[in-house]
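For reference, the structure discussed in these notes is given below.
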Amino acid sequence: MDEPVPCYPALEPPVGVMLTTMPPHPCVYLPNRDATLRAFAARHMPDLVYHDFLNASFRRSGLVIYQPVCQGCQACRPLRVLVERFHPSKSQRRCWRRNQDLIVSTGQPSATDEKFELYARYQQQRHGSTKDDNRSSFEDFLYRSPVQTLEFVYRDDRGTLLAVGICDVCPKSISSVYFFFEPSQSRRGLGTFGALCEIDLASRREIPYYYLGYWVKDCRKMVYKTDFKPYEILAADGCWHGNED
């Protein structure tokens, strides 16, 4: 169903686009609920326009820009870290030190068999995915982008690939798209380390905001996002509200 007007309770897109409301599907964040998204596809989008979409509660998957429009639910709230004022906690500093042996490189995203195998292993062991992920869907999800995108690659001193992070980058924001890692190395806290590396890049480039995607209050796997302080959460009125506790 195509519709040019906003759906309840979503914010309006920053520019005029034709949005398609997708069929409801089981919510991946909260049990016994259905989720509904509206979306559009874009082959190219100016960086600052994409930043405005982030500020209207949109996210990206491949070339698809989407927004939750679940009837009667506003649980998905975008969360962003204030980069200039960010101070890592004690546990985050320990995580940083624990991973200083890793070699971290950044560059243009490039899909390889090595990365796909790590991704498939991560999906199966961390998320219990039983679907037949294939190379084509992997590339469509992470390696097709309408905006400027950067890939972080993490290797140990033997050259073994341990993690990959995909981020969208513009002068005002870095948005974490996805991060996957070697499940057998979970003791390293690679997810936390990856976020710290991405915040560090934002700081060095003087980019003010680091977007961590949606935060859902009652979803346990989202709790870690509020460990990166100070942060702001986008309210239903379209205003960002800070939390520095």
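What distance in nm lies between label points placed 7 Å from Cα along the C-beta direction at Gln125 and Val28? The answer from the label model is 2.0 nm. Our summary gives region 89-151 a relative contact order of 52 percent, counting only alpha carbon pairs under 8 angstrom and 6 or more residues apart. Counting only heavy atoms of the protein chains and using a 1.4 Å probe, Leu150 has close to 20 Å² of accessible surface. Average accessible surface for the chain: 52 Å² per residue, computed with a 1.4 Å probe over protein heavy atoms with every protein chain in place. Screening the chain for whole DSSP H helices of 18 Å or more along their axis (Cα) with average Kyte-Doolittle hydropathy at least 0.5 returns 190-204. Here Lys115 is the anchor, and the lysines within straight C-alpha reach of less than 27 Å, apart from those fewer than 8 places off in the same chain, are Lys131, Lys221, Lys225.
What a 1.4 Å probe finds exposed on the chain is 49% carbon and sulfur by accessible area, rounded to a whole percent.
Is region 50-120 rounded, prolate or oblate when judged by the Cα gyration tensor, a ≥ b ≥ c being the square roots of its eigenvalues, rounded requiring a/c under 1.5 and prolate requiring a/b larger than b/c? Intermediate values should be presented prior to the final figure.
Details: a/c = 2.18, a/b = 1.29, b/c = 1.70.
Since a/c reaches 1.5 but b/c is at least a/b, the shape of region 50-120 is classed as oblate.
Helical runs assigned H by DSSP (4 residues or longer) give the chain a calculated mean residue ellipticity at 222 nm of -7000 deg cm²/dmol, each run adding -39500 (n - 2.57) before division by the residue total.
Just need the relative contact order of region 73-222 here, percent rounded to a whole number, with Cα pairs under 8 Å and 6+ apart.
35 percent
Under 12 Å from the Cβ of Met45, count the other residues' Cβ atoms, weight Lys and Arg +1, Asp and Glu -1, and hand me the total.
-1
The values are calculated or read from the model by the stated rules, or taken from the named source; none is laboratory data. What you see is a predicted model, and the numbers here were worked out from it, not measured in a lab. We place every Cβ from the backbone using ideal geometry, glycine too, and count neighbours over all the protein chains shown. With ligands, DNA and RNA removed, areas are computed over all heavy atoms of the protein, side chains included. Shrake-Rupley method; radii C 1.70, N 1.55, O 1.52, S 1.80 Å.
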